[in-house]
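Single-structure report; data block below.
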Number of protein chains: 2
Amino acid sequence: MPKRGMQPIRRQELVIAAVEAIHERGLNGVTMGDIAKRAGVSPALAHHYFGSKDELLSATMRHLLGEFAFAARRRLVDAKDPRARVDAILEACFAPEQFSPAVTSAWLAFYMQSIHDKAAARLLAIYLKRLEANLRHDLRPLVGDGASALARGIAAMIDGLWLHAALPTLHRSPGEALGILRDYVDGRLAVART
Amino acid sequence: MPKRGMQPIRRQELVIAAVEAIHERGLNGVTMGDIAKRAGVSPALAHHYFGSKDELLSATMRHLLGEFAFAARRRLVDAKDPRARVDAILEACFAPEQFSPAVTSAWLAFYMQSIHDKAAARLLAIYLKRLEANLRHDLRPLVGDGASALARGIAAMIDGLWLHAALPTLHRSPGEALGILRDYVDGRLAVART
DNA sequence: TTTTATTGATTGAGCAGTCAATTAAAAATA
DNA sequence: TATTTTTAATTGACTGCTCAATCAATAAAA
């Protein structure tokens, strides 16, 4: 039952299925069969559209990076002062779209992957550098020289909170995570004003 | 060339080799062959002493948990006031023994594993709960009701800093990580004293 | 008739786990 | 002390399974 123009639809479906499959089985535990089954197609079709498992996983990673960039940009446009811009970034990190269990653990799986995979490391480094640069830029007027260290601290805490949120045993909520992050930032800003 | 009494020695060697192999190949990418080769024995011997790959990896996880508990206890004995006790825990997390690239990425690999593996999740939950309970206990006299949230924040930041330290692209140092953590704690303590 | 979507069957590699055979130390026996 | 026996360490060869990747065949739309 072939309908024309399926390519972009199937690619999208497979990428989304990959996120969920990674959540269930882990990045290396997942098989093309898992992903294809979830997308409702045959494993052969996944190969047809992506050429290889590596390519499909790589596309999945780019998809996540793109979604986050979009969420952050959307929140940044109507944030005027530096403090609001910092908050926009924090909110983007814990918005429901970004923060479903499946999306979070796929993100973290790619973090782990980039420990020993150069290609993944390159993609992730771009994302992390940009995130820190944005934070540093907006923090500079607020804390001066401490901006760089604070940006690194915030970036680290975001990832730590994601990591803990991904562990089902701890059942942490996004709201709680945001609160902890804001307390951190407020504490540093208070010290800087002294 | 069989020498008697090799069992404990080989088990130890294999566990340490497993940590390094996990660092290079990831938890699911690693094979019994990788680990055995690094330990200088045949794959069959690894099976002989551990029965299965799962058992070897589980023993490796327990090894890491045990080493950390030891490092923390050692630093806690001569920490007198609450603030010194908090610092003892932070220092244990970033002490050179705990903080080699291989050890850090093996830790994180087990974090990821426990997203979809019940047995790993149980072990890790015990560790995390105990860490947070210790922090909370020592923070209570310093920040009162905020102790619980601050303990969670510190635990999250520790793991985030580990995660970033494991990414070779960012080349972060343990000293920097400790500085960021201490700034966080100091900021919150200053706010609490107000 | 051409092009695109789709799959079932197949291949080949890699790997966990098994087993029987080998070696040498230690213990038991003469 | 000299010997035989037992026990532990160790491995190479083998088995069976899973999975990524390929390909030829089919079906429908254009």
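The values are calculated or read from the model by the stated rules, or taken from the named source; none is laboratory data. Here the structure is a predicted model, which is why all the values come from computation and not from measurement. Neighbour counts are summed over all protein chains in view; Cβ atoms, including those assigned to glycine, are modelled from backbone coordinates with ideal geometry. The area values use the complete protein model at the heavy-atom level, side chains included, leaving out ligands, DNA and RNA. Shrake-Rupley method; radii C 1.70, N 1.55, O 1.52, S 1.80 Å.
Summary table below
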item: Tally of residues being open to solvent by 100 Å² or more (accessible area, probe 1.4 Å) and modelled with pLDDT under 95 across region B:1-27; result: 4
item: Residue in region B:145-164 that is farthest from B:Gln98 (Cα to Cα), counting only those that are open to solvent by 30 Å² or more (accessible area, probe 1.4 Å) and of a type outside the set (Ser, Thr, Tyr); result: B:Asp145
item: Single match in B:Leu135, B:Leu128 (criterion: closer than 19 Å to B:Leu76 by Cα, buried (at least 18 other Cβ atoms within 10 Å of the Cβ) and within 9 Å of chain A (Cβ to nearest Cβ)); result: B:Leu128
item: In region A:28-61, the residues that are more than 22 Å from the chain's Cα centre (by Cα), under 28 Å from B:Phe110 (Cβ atoms) and buried (at least 20 other Cβ atoms within 10 Å of the Cβ); result: A:Met32
item: Some residue of region A:79-100 being within 15 Å of the chain's Cα centre (by Cα), of a type in the set (A, V, I, L, M) and closer than 30 Å to B:Ala102 by Cβ; result: no
item: Any chance B:Lys80 is surrounded by fewer than 18 Cβ atoms within 10 Å (Cβ to Cβ) and farther than 22 Å from B:His137 by Cα; result: no
item: Flag for B:Pro96 being closer than 23 Å to B:Tyr127 by Cβ, open to solvent by 60 Å² or more (accessible area, probe 1.4 Å), within 14 Å of another protein chain (Cβ to nearest Cβ) and more than 16 Å from DNA strand C (Cβ to nearest atom); result: no
item: Candidate set: region A:1-33, residues that are closer than 20 Å to A:Val103 by Cβ and away from every other protein chain (no Cβ under 14 Å); chosen: the one nearest to DNA strand D (Cβ to nearest atom); result: A:Ala18
item: Within region A:138-194, considering residues that are free of Cβ contacts under 8 Å to residues at least 60 places away in the same chain and among the basic types (Lys, Arg), the one farthest from B:Met112 (Cα to Cα); result: A:Arg193
item: Residue that is nearest to the other protein chains (Cβ to nearest Cβ) [pool: residues in region A:44-66 that are free of Cβ contacts under 8 Å to residues at least 12 places away in the same chain and within 14 Å of DNA strand C (Cβ to nearest atom)]; result: A:Ser52
